[in-house]
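**Q** Next up is a structure, given as C-alpha coordinates.
The values are calculated or read from the model by the stated rules, or taken from the named source; none is laboratory data. Source: prediction; values computed, not measured. Heads up, the Cβs are rebuilt from the backbone with ideal geometry, glycines too, and the neighbour counts pull from every protein chain shown. Quick note on the areas: whole protein, heavy atoms, side chains included, nothing else; ligands and nucleic acids left out. Shrake-Rupley method; radii C 1.70, N 1.55, O 1.52, S 1.80 Å.
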Amino acid sequence: LVFAMGLLLSGMVAGFSTEIHQTVSATGAQWWALAHGSTPRIVALPVVPASDLSTVANAPGVRHLGPLVVAPQTARIGDDARSVVLIGAVPGALGSTVPTTGRAVHHRGEAVVDEHLGLGIGRLFTVAGMTFRGVGQVSDRTLLGGEPDAYVSIQDAQQVLFGGRPLISAVLVSGTPRGSLPGLSLFSDSQVERASLGQLASAVSSIDNSRVFMWVIAAIIVAALVYVTAIERTRDFAVLKAIGSSSFLLFVGLALQAVLVALSAAAVASV
(Lines give C-alpha, C1' and ligand atoms only; values in the text may rest on other atoms or scores of the structure.)
Protein backbone atom coordinates (compact mmCIF):
# COMPACT_ATOMS: atom_id res chain seq x y z
CA LEU A 1 0.00 0.00 0.00
CA VAL A 2 2.83 2.39 0.78
CA PHE A 3 4.49 1.61 -2.55
CA ALA A 4 1.15 2.16 -4.27
CA MET A 5 0.79 5.58 -2.67
CA GLY A 6 4.33 6.46 -3.77
CA LEU A 7 3.59 5.45 -7.36
CA LEU A 8 0.27 7.32 -7.30
CA LEU A 9 1.96 10.53 -6.14
CA SER A 10 4.66 10.10 -8.80
CA GLY A 11 1.93 9.79 -11.42
CA MET A 12 0.21 12.92 -10.15
CA VAL A 13 3.41 14.97 -10.42
CA ALA A 14 4.08 13.66 -13.94
CA GLY A 15 0.45 14.34 -14.84
CA PHE A 16 0.75 18.09 -14.22
CA SER A 17 3.54 18.37 -16.78
CA THR A 18 1.94 15.95 -19.24
CA GLU A 19 -1.47 17.65 -19.37
CA ILE A 20 0.10 21.06 -20.01
CA HIS A 21 2.29 19.65 -22.79
CA GLN A 22 -0.65 17.90 -24.45
CA THR A 23 -2.87 20.99 -24.41
CA VAL A 24 -0.11 23.33 -25.62
CA SER A 25 1.11 21.03 -28.39
CA ALA A 26 -2.48 20.44 -29.56
CA THR A 27 -2.75 24.11 -30.56
CA GLY A 28 -0.39 23.48 -33.49
CA ALA A 29 1.48 26.72 -32.76
CA GLN A 30 5.22 27.31 -32.54
CA TRP A 31 5.00 30.75 -30.96
CA TRP A 32 2.61 32.62 -28.71
CA ALA A 33 2.30 36.39 -29.08
CA LEU A 34 1.21 37.81 -25.71
CA ALA A 35 0.95 41.23 -24.12
CA HIS A 36 4.40 42.72 -23.54
CA GLY A 37 5.80 41.93 -20.10
CA SER A 38 3.28 39.18 -19.36
CA THR A 39 3.98 35.75 -17.89
CA PRO A 40 3.00 32.99 -20.36
CA ARG A 41 0.83 30.89 -18.05
CA ILE A 42 -1.77 29.24 -20.25
CA VAL A 43 -4.65 29.58 -17.78
CA ALA A 44 -3.72 33.13 -16.72
CA LEU A 45 -2.99 34.90 -19.99
CA PRO A 46 -3.48 38.69 -20.12
CA VAL A 47 -6.01 40.24 -22.46
CA VAL A 48 -4.99 41.95 -25.71
CA PRO A 49 -7.15 43.54 -28.41
CA ALA A 50 -8.03 41.38 -31.40
CA SER A 51 -6.53 44.10 -33.62
CA ASP A 52 -3.10 42.74 -32.65
CA LEU A 53 -3.80 39.95 -35.15
CA SER A 54 -2.97 42.32 -37.99
CA THR A 55 0.26 43.36 -36.24
CA VAL A 56 1.41 39.74 -36.14
CA ALA A 57 0.10 38.95 -39.62
CA ASN A 58 2.24 41.72 -41.13
CA ALA A 59 5.45 40.41 -39.54
CA PRO A 60 7.76 38.61 -42.00
CA GLY A 61 8.20 34.87 -41.39
CA VAL A 62 4.63 34.21 -40.23
CA ARG A 63 3.00 31.30 -42.06
CA HIS A 64 -0.24 30.81 -40.13
CA LEU A 65 -1.81 32.49 -37.14
CA GLY A 66 -4.97 32.35 -35.08
CA PRO A 67 -6.49 34.09 -32.06
CA LEU A 68 -6.90 32.18 -28.81
CA VAL A 69 -8.96 32.71 -25.67
CA VAL A 70 -8.31 30.55 -22.60
CA ALA A 71 -9.92 30.81 -19.16
CA PRO A 72 -11.15 28.46 -16.40
CA GLN A 73 -14.93 28.45 -16.10
CA THR A 74 -17.77 26.61 -14.38
CA ALA A 75 -19.97 24.46 -16.60
CA ARG A 76 -23.43 23.33 -15.60
CA ILE A 77 -24.64 19.96 -16.87
CA GLY A 78 -28.19 19.69 -15.67
CA ASP A 79 -28.00 20.33 -11.92
CA ASP A 80 -24.32 19.40 -11.75
CA ALA A 81 -21.57 22.06 -11.73
CA ARG A 82 -18.18 21.11 -13.16
CA SER A 83 -14.95 23.05 -13.61
CA VAL A 84 -13.70 23.31 -17.21
CA VAL A 85 -11.02 25.25 -19.08
CA LEU A 86 -12.77 27.11 -21.90
CA ILE A 87 -10.61 27.38 -25.03
CA GLY A 88 -11.86 29.56 -27.86
CA ALA A 89 -10.35 29.46 -31.36
CA VAL A 90 -11.34 30.00 -34.96
CA PRO A 91 -12.65 26.66 -36.32
CA GLY A 92 -9.97 25.04 -38.46
CA ALA A 93 -7.27 27.55 -37.44
CA LEU A 94 -4.43 27.29 -34.93
CA GLY A 95 -5.79 26.56 -31.48
CA SER A 96 -8.77 24.51 -32.66
CA THR A 97 -8.71 20.77 -32.18
CA VAL A 98 -9.47 17.59 -34.09
CA PRO A 99 -11.74 15.33 -32.00
CA THR A 100 -11.15 11.62 -31.53
CA THR A 101 -14.90 10.98 -31.75
CA GLY A 102 -17.64 13.09 -33.28
CA ARG A 103 -16.74 16.15 -35.33
CA ALA A 104 -14.98 19.47 -34.91
CA VAL A 105 -16.62 22.78 -34.04
CA HIS A 106 -18.12 24.40 -37.15
CA HIS A 107 -20.69 26.85 -35.77
CA ARG A 108 -21.42 28.91 -32.70
CA GLY A 109 -23.00 27.07 -29.79
CA GLU A 110 -20.95 23.91 -30.47
CA ALA A 111 -18.17 22.45 -28.34
CA VAL A 112 -15.58 19.68 -28.37
CA VAL A 113 -14.90 18.54 -24.81
CA ASP A 114 -12.51 16.22 -23.07
CA GLU A 115 -14.03 12.85 -22.22
CA HIS A 116 -13.36 13.45 -18.51
CA LEU A 117 -16.24 15.92 -18.48
CA GLY A 118 -18.55 12.93 -18.90
CA LEU A 119 -20.61 14.70 -21.55
CA GLY A 120 -21.90 12.53 -24.38
CA ILE A 121 -22.10 13.80 -27.94
CA GLY A 122 -25.33 15.73 -28.44
CA ARG A 123 -25.71 16.66 -24.78
CA LEU A 124 -25.95 20.26 -23.61
CA PHE A 125 -24.03 22.23 -21.01
CA THR A 126 -24.10 25.85 -19.96
CA VAL A 127 -21.25 28.29 -19.25
CA ALA A 128 -22.08 31.76 -17.91
CA GLY A 129 -25.65 31.45 -19.18
CA MET A 130 -24.60 30.39 -22.70
CA THR A 131 -25.65 26.93 -23.89
CA PHE A 132 -23.32 24.64 -25.83
CA ARG A 133 -23.95 21.32 -27.52
CA GLY A 134 -21.19 18.72 -27.43
CA VAL A 135 -20.39 17.67 -31.00
CA GLY A 136 -17.08 15.87 -30.38
CA GLN A 137 -14.75 14.49 -27.76
CA VAL A 138 -10.99 14.48 -27.23
CA SER A 139 -8.84 12.40 -24.88
CA ASP A 140 -6.25 13.53 -22.34
CA ARG A 141 -6.86 17.26 -22.76
CA THR A 142 -6.97 18.70 -19.27
CA LEU A 143 -5.35 21.49 -17.25
CA LEU A 144 -5.05 22.52 -13.61
CA GLY A 145 -4.71 18.98 -12.33
CA GLY A 146 -7.44 17.28 -14.33
CA GLU A 147 -9.98 19.96 -15.27
CA PRO A 148 -11.27 19.04 -18.76
CA ASP A 149 -10.73 21.35 -21.72
CA ALA A 150 -13.77 22.56 -23.67
CA TYR A 151 -13.08 23.89 -27.18
CA VAL A 152 -15.55 26.44 -28.60
CA SER A 153 -15.54 29.08 -31.32
CA ILE A 154 -13.64 32.31 -30.68
CA GLN A 155 -16.87 34.34 -30.82
CA ASP A 156 -18.53 32.18 -28.16
CA ALA A 157 -15.50 32.44 -25.88
CA GLN A 158 -15.44 36.22 -26.29
CA GLN A 159 -19.14 36.36 -25.49
CA VAL A 160 -18.72 34.31 -22.31
CA LEU A 161 -15.59 36.05 -21.04
CA PHE A 162 -15.67 39.59 -22.44
CA GLY A 163 -19.32 40.24 -23.18
CA GLY A 164 -18.67 39.97 -26.91
CA ARG A 165 -15.90 42.60 -26.98
CA PRO A 166 -13.06 41.95 -29.49
CA LEU A 167 -10.49 40.79 -26.95
CA ILE A 168 -8.26 37.72 -27.01
CA SER A 169 -5.70 36.02 -24.77
CA ALA A 170 -2.99 35.27 -27.34
CA VAL A 171 -2.10 35.14 -31.01
CA LEU A 172 -0.85 31.70 -32.02
CA VAL A 173 1.80 31.66 -34.72
CA SER A 174 3.41 29.02 -36.92
CA GLY A 175 6.66 29.97 -38.61
CA THR A 176 9.27 32.28 -37.11
CA PRO A 177 8.23 35.95 -36.95
CA ARG A 178 11.01 38.44 -37.63
CA GLY A 179 11.14 42.06 -36.67
CA SER A 180 9.48 43.84 -33.78
CA LEU A 181 5.90 43.35 -32.65
CA PRO A 182 4.83 46.57 -30.88
CA GLY A 183 3.19 45.85 -27.54
CA LEU A 184 3.68 42.09 -27.86
CA SER A 185 6.22 39.50 -26.74
CA LEU A 186 6.88 36.13 -28.34
CA PHE A 187 7.06 32.93 -26.30
CA SER A 188 7.79 29.42 -27.55
CA ASP A 189 5.71 26.37 -26.66
CA SER A 190 8.36 25.22 -24.19
CA GLN A 191 8.37 28.60 -22.45
CA VAL A 192 4.59 28.50 -22.10
CA GLU A 193 4.78 24.98 -20.70
CA ARG A 194 7.47 25.86 -18.14
CA ALA A 195 5.65 28.98 -16.97
CA SER A 196 2.34 27.12 -16.72
CA LEU A 197 3.95 24.35 -14.68
CA GLY A 198 5.53 26.98 -12.44
CA GLN A 199 2.00 28.11 -11.54
CA LEU A 200 1.55 24.71 -9.88
CA ALA A 201 4.96 24.78 -8.17
CA SER A 202 3.57 24.80 -4.62
CA ALA A 203 1.26 21.85 -5.30
CA VAL A 204 4.06 19.91 -7.02
CA SER A 205 6.41 20.61 -4.11
CA SER A 206 3.88 19.37 -1.54
CA ILE A 207 3.23 16.18 -3.50
CA ASP A 208 6.97 15.63 -4.01
CA ASN A 209 7.58 15.89 -0.26
CA SER A 210 4.80 13.39 0.43
CA ARG A 211 6.19 11.07 -2.25
CA VAL A 212 9.68 11.10 -0.72
CA PHE A 213 8.14 10.43 2.69
CA MET A 214 6.26 7.41 1.27
CA TRP A 215 9.44 5.95 -0.26
CA VAL A 216 11.27 6.38 3.07
CA ILE A 217 8.44 4.60 4.92
CA ALA A 218 8.48 1.79 2.35
CA ALA A 219 12.23 1.32 2.78
CA ILE A 220 11.87 1.25 6.58
CA ILE A 221 9.09 -1.35 6.38
CA VAL A 222 11.18 -3.63 4.12
CA ALA A 223 14.21 -3.20 6.37
CA ALA A 224 12.15 -3.97 9.49
CA LEU A 225 10.71 -7.11 7.87
CA VAL A 226 14.16 -8.39 6.95
CA TYR A 227 15.49 -7.50 10.41
CA VAL A 228 12.73 -9.44 12.18
CA THR A 229 13.28 -12.39 9.85
CA ALA A 230 16.99 -12.33 10.60
CA ILE A 231 16.34 -12.39 14.37
CA GLU A 232 14.03 -15.37 13.97
CA ARG A 233 16.71 -17.23 11.97
CA THR A 234 19.56 -16.76 14.46
CA ARG A 235 19.84 -20.51 15.13
CA ASP A 236 19.77 -21.26 11.39
CA PHE A 237 22.64 -18.84 10.88
CA ALA A 238 24.61 -20.46 13.69
CA VAL A 239 24.20 -23.90 12.13
CA LEU A 240 25.15 -22.62 8.68
CA LYS A 241 28.22 -20.92 10.08
CA ALA A 242 29.18 -24.11 11.92
CA ILE A 243 29.14 -26.13 8.69
CA GLY A 244 31.29 -23.59 6.88
CA SER A 245 28.99 -20.97 5.33
CA SER A 246 30.58 -17.52 5.08
CA SER A 247 29.13 -14.37 6.55
CA PHE A 248 29.10 -12.91 3.04
CA LEU A 249 26.75 -15.63 1.75
CA LEU A 250 24.43 -15.16 4.71
CA PHE A 251 24.36 -11.43 4.03
CA VAL A 252 23.64 -12.03 0.34
CA GLY A 253 20.70 -14.23 1.32
CA LEU A 254 19.18 -11.49 3.46
CA ALA A 255 19.84 -8.88 0.76
CA LEU A 256 18.14 -11.08 -1.83
CA GLN A 257 15.16 -11.46 0.46
CA ALA A 258 14.91 -7.66 0.79
CA VAL A 259 15.06 -7.26 -2.99
CA LEU A 260 12.37 -9.88 -3.55
CA VAL A 261 10.09 -8.30 -0.95
CA ALA A 262 10.55 -4.86 -2.51
CA LEU A 263 9.95 -6.14 -6.06
CA SER A 264 6.86 -8.08 -4.99
CA ALA A 265 5.47 -5.01 -3.24
CA ALA A 266 6.21 -2.85 -6.29
CA ALA A 267 4.45 -5.34 -8.57
CA VAL A 268 1.32 -5.36 -6.42
CA ALA A 269 1.48 -1.56 -6.09
CA SER A 270 1.66 -1.18 -9.88
CA VAL A 271 -1.54 -3.16 -10.28
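**Q** If you roll a 1.4 Å probe over the range 86-222 with all protein chains in place, what percent of the accessible area is carbon or sulfur?
**A** Details: 3430 of 6060 Å².
Solvent-exposed carbon and sulfur of the range 86-222 make up 57 percent of the total.
**Q** For Arg235 and Arg194 in one chain, what is 0.36 nm times their gap in residues minus the Cα-Cα distance, to one decimal in nm?
**A** Stretched out fully, the Arg235 to Arg194 stretch lengthens by 8.9 nm.
**Q** Among Ser180, Ser17, Ser139, pick out the residue whose Cα is farthest towards the positive end of the charge dipole of the chain, where Lys and Arg carry +1 and Asp and Glu carry -1 on C-beta, about the Cα centre.
**A** Ser180
**Q** May I ask you to give the solvent-accessible area per residue for the range 1-87, in square angstrom, as obtained with a 1.4 angstrom probe? Please report the intermediate quantities before stating the final value.
**A** On the way: 3940 Å² over 87 residues.
Roughly 45 Å² per residue, with all protein chains present.
**Q** Another question about this same structure. What full-extension length gain, to one decimal in nm, is calculated for Ala50 and Arg178 as 0.36 nm per residue of separation minus the Cα-Cα distance?
**A** Numbers: separation 128, 0.36 × 128 = 46.08 nm, distance 2.02 nm.
Working it through step by step, the gained length comes to 44.1 nm.
**Q** Along the Cα-to-C-beta direction of Arg123, a point sits 7 Å from the Cα; which residues of the range 145-188 have their amide N less than 16 Å from that point?
**A** Under cut-off, by backbone N: 148-151.
**Q** Quick one: which of 200-206, 25-31 comes out on top by average Cβ neighbours within 10 Å, and what's the full order, highest first?
**A** Going by the mean number of other Cβ atoms within 10 Å, highest first, we get 25-31, 200-206.
**Q** What accessible area per residue comes out for the range 127-190, rounded to a whole number of Å², with a 1.4 Å probe?
**A** 37 Å²
**Q** For helix 189-198, report the angle its Cα long axis makes with the longest principal axis of the Cα atoms of the chain; keep it between 0 and 90° and round to the nearest 10°.
**A** 60 degrees
**Q** Could you check how much of the accessible area of the range 1-70 is carbon and sulfur, as a whole percent, using a 1.4 Å probe?
**A** 62 percent
**Q** If you don't mind, another one. Using +1 on the beta carbon of Lys and Arg, -1 on that of Asp and Glu, and nothing else charged, what's the dipole of the chain about the Cα centre, debye to 20? Mind dumping the intermediate values first?
**A** Details: 16 positive and 16 negative charges, 40 e Å.
So the dipole magnitude of the chain works out to roughly 200 debye.
**Q** What number results when the radius of gyration of the chain, computed over Cα atoms, is divided by 2.2 N^0.38 Å? Working shown, then result.
**A** Values: Rg = 26.7 Å, N = 271, 2.2 N^0.38 = 18.5 Å.
Ratio of Cα Rg to 2.2 N^0.38 Å: 1.44.
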